[in-house]
Amino acid sequence: MATKKAGSTSGSKIEAFKKLRDEARQEILAEIADLEKQIEEKKTEARELGFITESAPARGKRAVGARACKICGQLGHNSRTCPQREKASAAKS
C-alpha cells in the first residue's frame, strides 16, 4: 500500500503542476491580447496624426507590377526577367 500512496502523491503533484501551468498560460495569453490591443490603439493614433498613411507600402516590399519593364514596356516584370530580353540583346548586336 505504500506504493499507492507514493503514486497518488506524485499524481497530485503532477495535477497541481498542470493546473499552475494552465493558469500561467492563461495569464500570458491575456497579457498578449492586452499588448496587441495597445499596439492597435497606437497604430490608430499614429494614423490619426498622419504618421501612417494607408497608401504607403510596407517597408522593404515593392508593389508587384508597379514598374514597367525598360525593354518591352509591360508591367509586372523588370528588364532582368523580361521574356523579350534575348530578342532585344540580339537586335542591339
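Working from label points 7 Å from Cα in the Cα-to-Cβ sense, the Ala90 to Ala30 distance is 7.1 nm. A cut-off under 14 angstrom between Cβ atoms defines the neighbours of Leu35, and their net charge, with Lys, Arg +1 and Asp, Glu -1, is -3. With a Förster radius of 41 Å applied to the C-beta separation of Phe51 and Cys72, the computed FRET efficiency comes to 0.60.
Each value in this text was obtained by applying a stated rule to the coordinates, not by laboratory testing. For clarity, every value in this text was computed on a predicted model and none was experimentally measured. Virtual Cβ from ideal backbone geometry, glycine too; neighbours counted across all protein chains shown.
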